[in-house]
1. When you go through Val318, Val328, Val332 one by one, which is the residue that is open to solvent by less than 30 Å² (accessible area, probe 1.4 Å), within 14 Å of Asn121 (Cα to Cα) and not polar (S, T, N, Q)?
2. Would you pick out the residues in the stretch 291-304 that are of a type outside the set (Asp, Glu) and within 16 Å of Trp141 (Cα to Cα)?
3. When you look at Arg417, is it at pLDDT 95 or above and either on the phi > 0 side of the Ramachandran plot or basic (Lys, Arg) (or both), yes or no?
4. For the stretch 170-204, which residues satisfy the criterion of being open to solvent by 80 Å² or more (accessible area, probe 1.4 Å) and over 29 Å from the mean Cα position of the chain (by Cα)?
5. So which helices (runs of 4 or more DSSP H) are wholly in the stretch 1-119 and hold at least 3 residues that are open to solvent by less than 10 Å² (accessible area, probe 1.4 Å)?
6. Would you mention how many residues in the stretch 156-207 are of a type outside the set (Val, Ile, Thr), under 23 Å from Phe53 (Cβ atoms) and in a loop (DSSP other than H, G, I, E, B)?
7. Of the numbered conditions (1) at pLDDT below 95; (2) open to solvent by 30 Å² or more (accessible area, probe 1.4 Å); (3) out of contact with any strand residue (DSSP E or B) (no Cβ under 6 Å at 6 or more places or on another chain), Leu277 satisfies every one except a single condition; which is it?
8. Mind listing whichever residues of the stretch 120-135 are in a helix (DSSP H, G or I) and either among the hydrophobic types (A, V, I, L, M, F, W, C) or surrounded by fewer than 21 Cβ atoms within 10 Å (Cβ to Cβ) (or both)?
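The values are calculated or read from the model by the stated rules, or taken from the named source; none is laboratory data. Only a predicted model underlies this, so the values are computations on that prediction, with no experimental measurement involved. Here the Cβ is made from the backbone with ideal geometry for all residues, glycine too, and neighbour counts use every protein chain on show. These accessible areas exclude ligands, DNA and RNA; they are computed on the full protein's heavy atoms, side chains included. Shrake-Rupley method; radii C 1.70, N 1.55, O 1.52, S 1.80 Å.
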Amino acid sequence: MRFRRWQLAQVILLTILVLLVTVSFMHAPGQGDIASWERWANDVDTLGPVQGFEAIKADYPPFSSLILFAAIRAAHIFGIGTFGAVKLAILVLLCLTSLVFWIWTKNFRLALIVHLSLLLNSVVLGYIDVFFAPSLLLALWAFKEEKLTWFAIFYAITCLTKWQPILIAPFLALALLNIKHIKQWRQIKFKKLIVSVLLPASTIFSLTLVVFGVPPVLGALKAAFSHNFLSGNALNFDWILTHFLHVLDPGQFGGLVAGQAYYIRTTSLAVTLAPRLLFFLFYAVTLVVFIRRDKGFEELINFSLIGYFAYYSFNPGVHENHLFLIAVLSIVLFWLNREHFMVMLILIVMSNINLVLFYGLDGTGLGFSRVIANVDIALLLSLFNVNFFLMLWAVNILPRKTPQAIQSTSTLDLAVRE
């Protein structure tokens, strides 16, 4: 009994410690987007959530501004300024994310990993990716427990908070259909899927379009997937291109600055077509392979992660914070199967080092040169990230030898030796 009380006391003490560490970053200035969130909060505060969202004209769906609206109105009650309101909203959503994960998995240690892994992105640097994390985890919980209506509701909320989770929708759809070949279409429970998934999800999307207006919502969606950055400080294939365009064509793109590359804005097909095609190729093949595989929950998370990783690795316009979703999925994947520990660890480190390299530990910058021996470390990390994706993709996607094939190979080797 005494030992159990001591264990409980340790959990409480560690929770308090983590919360104190989290709160200590409330006044961290964060990266430049903080100013945008403050402007959004002021717009929805002044104009209301509907007209305020229309006035924002940004690339985020309306539920993010709705969260900021709730935050700024709550802040008025306690006399907190706009910056404090934004940071408080981020802190509350981070804690809610950790709490949801803890309640779902009953795993306190993994909940701490979730919290600490997302701390830099959220409270420290001030990104609002964490706004969609609780609803995403609730959607995944509902999917795993086959509570499809709740899944549809929470996933719709997730996509209406930030657009990027839409990229895992095809994998979720395939898992719901749960067939390996088009000939098996009679096995699909169309009525159940329409009533339990399509109807509630479409209702939420339709009501959102009615309330916030079709042009503003679709305009935000279009803006999200039409950034003119080759790489928005994301350490990926496009950052490798960014680096070498500075080196090989400084007349058009500018040269390296003190050995460091800086993001390039371009819509030229000559530059963006190849990486875009690579994204579609890897993403499409991943989808096709998933059709033929078992569609258990672990496989769903694994393939969703790989498909989204293809987006991060190759698609133009990806930003440094877009690894957030991968970090969350990797922790869920590890919870399901401990064999994924190294994948989770690498992706968490990858996600956080991408942020540190460009914004430091408080959003004001790294504070020193990232060039070592005349080589920009950002280039080497980009090469590492792309190669890690290719290895992860190959291990999971390329054809596997069946037991019969392995036995045949062994027999052939024995015959050759003889």
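1. Working: Val318 fails: within 14 Å of Asn121 (Cα to Cα); Val332 fails: within 14 Å of Asn121 (Cα to Cα).
It is Val328.
2. Here is the first cut: in the stretch 291-304, the ones of a type outside the set (Asp, Glu) are 291-293, 295-297, 300-304.
Scanning the stretch 291-304 gives Lys295, Gly296, Phe297, Leu300, Ile301, Asn302, Ser304.
3. Numbers: at pLDDT 95 or above: no; either on the phi > 0 side of the Ramachandran plot or basic (Lys, Arg) (or both): yes.
Criteria not met by Arg417.
4. The first filter runs over the stretch 170-204 and keeps only residues open to solvent by 80 Å² or more (accessible area, probe 1.4 Å), leaving 178, 180, 182-183, 185-187, 189-192, 194-195, 198-199.
Answer for the stretch 170-204, where residues must be open to solvent by 80 Å² or more (accessible area, probe 1.4 Å) and over 29 Å from the mean Cα position of the chain (by Cα): Ile182, Lys183, Trp185, Arg186, Gln187, Lys189, Phe190, Lys191, Lys192.
5. On the way: elements: 2-23, 33-47, 49-56, 62-78, 82-105, 108-119.
Qualifying helices (runs of 4 or more DSSP H): 33-47, 62-78, 82-105, 108-119.
6. We begin by selecting, within the stretch 156-207, every residue of a type outside the set (Val, Ile, Thr); these are 156, 159-160, 162-165, 167, 169-178, 180-181, 183-187, 189-193, 196, 198-202, 205-207.
Within this subset, residues satisfying the condition of being under 23 Å from Phe53 (Cβ atoms) are 156, 159-160, 162-165, 167, 169, 200-202, 205-207.
The next check asks that each one be in a loop (DSSP other than H, G, I, E, B); those that pass are 160, 162-163.
Counting residues in the stretch 156-207 that are of a type outside the set (Val, Ile, Thr), under 23 Å from Phe53 (Cβ atoms) and in a loop (DSSP other than H, G, I, E, B) gives 3.
7. Among (1) at pLDDT below 95; (2) open to solvent by 30 Å² or more (accessible area, probe 1.4 Å); (3) out of contact with any strand residue (DSSP E or B) (no Cβ under 6 Å at 6 or more places or on another chain), the lone unmet condition for Leu277 is (1).
8. Leu120, Val123, Val124, Val130, Phe131, Phe132, Ala133
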